[in-house]
Amino acid sequence: MQENDPTLFFGVFNEIGIIEQLSRALFEARLPKGLIAPHFAALSHLIRVRDGATPMEMARAFQVPKTTMTHTLSVLAKHELVDIRPNPNDRRSKCVWLTDAGRAMRDKAIADMSPDFRVLADGFDTDRLVEILPVLTDLRVFLDNHRNAEPPRDRPVTDGKNG
């Protein structure tokens, strides 16, 4: 297979997409009522990347509109899993901080997956998972570093045909 064969890339992304759907359904069944995978992802992002991020920073990281992220964060705030406070640097924007309850819920959700992970470990060769994890991490890092950046605000977005 040629290295630029689109069927290779489509096949990889298709498998990742199907795995994401299956694992999301499994995981959401273990989350507290009223929460879904994007809520958990926001909590994990704050732990893994940076607690105290602005909603706009988070929207960019997740590549979703700010309104989508604002809704996600409002649900988390309603469940007292995050605290949204004025930005200490400018007091105009907001920053999102994890609460102790948010950290505990994230840890509990991961722990609640233990029975499902045992089933996976019993039925799938975990050595193969250990082998592919670095490849998946490298793919994620590459895609993250090469995603479309926000267009500069000082010039209009064009379709490439008119300049």
Original post:
Across the chain, how many lysine pairs separated by 8 or more positions, or lying on different chains, have Cα atoms within less than 21 Å?
Top reply: 6
**OP:** Within the stretch 4-25, find all residues whose amide N lies under 14 Å from a label point positioned 7 Å from the Cα of Val119 along Cα-to-beta-carbon.
**Re:** 22-25
**OP:** Compare the Cα positions of Leu139, Val49, Phe13 along the charge dipole of the chain (+1 at Cβ of Lys, Arg; -1 at Cβ of Asp, Glu; about the Cα centre) and return the one farthest towards the positive end.
**Re:** Val49
Original post:
If you place +1 on the Cβ of every Lys and Arg and -1 on the Cβ of every Asp and Glu, how big does the dipole about the Cα centre of the stretch 29-116 come out, in debye to the nearest 20?
Top reply: 260 debye
Subject >> Under the Karplus curve 6.51 cos²θ - 1.76 cosθ + 1.60, θ = phi - 60°, whole-Hz ³J(HN,Hα) for the stretch 72-88, x wherever Gly or Pro sits >> reply: 4, 5, 5, 5, 5, 5, 4, 8, 6, 9, 9, 10, 9, 10, x, 5, x
Original post:
At 222 nm, what helix-only mean residue ellipticity would the chain give, in deg cm²/dmol to the nearest 500, using -39500 (n - 2.57) for each DSSP H run of four or more?
Top reply: -19500 deg cm²/dmol
Subject >> Sites Glu131 and Asp107, calculated FRET efficiency, Cβ-Cβ separation with R0 22 Å, nearest 0.05 >> reply: 0.20
Original post:
Dividing the convex hull volume of the Cα atoms of the stretch 7-112 by its residue count, what figure in Å³ per residue is obtained?
Top reply: 113 Å³
Subject >> For Ala53, residues with placed amide H under 5 Å, excluding near neighbours >> reply: Val96
**OP:** Report, by chain and number, residues whose modeled amide H sits under 5 Å from the one on Val64, excluding near sequence neighbours (fewer than 5 apart, same chain).
**Re:** none
Original post:
Dipole magnitude of the chain about its Cα centre, charges +1 at Lys/Arg Cβ and -1 at Asp/Glu Cβ only, in debye to the nearest 20?
Top reply: 1000 debye
Original post:
If you rank Met56, Met105 by fewest surrounding Cβ atoms within 10 Å, what's the result?
Top reply: Met56, Met105
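Here, each number is a calculation from the coordinates, and none is a lab measurement. Model, not experiment: these values are computed from the prediction. Using ideal geometry, Cβ is built from the backbone for each residue, glycine included, and neighbour counts are taken over all protein chains shown.
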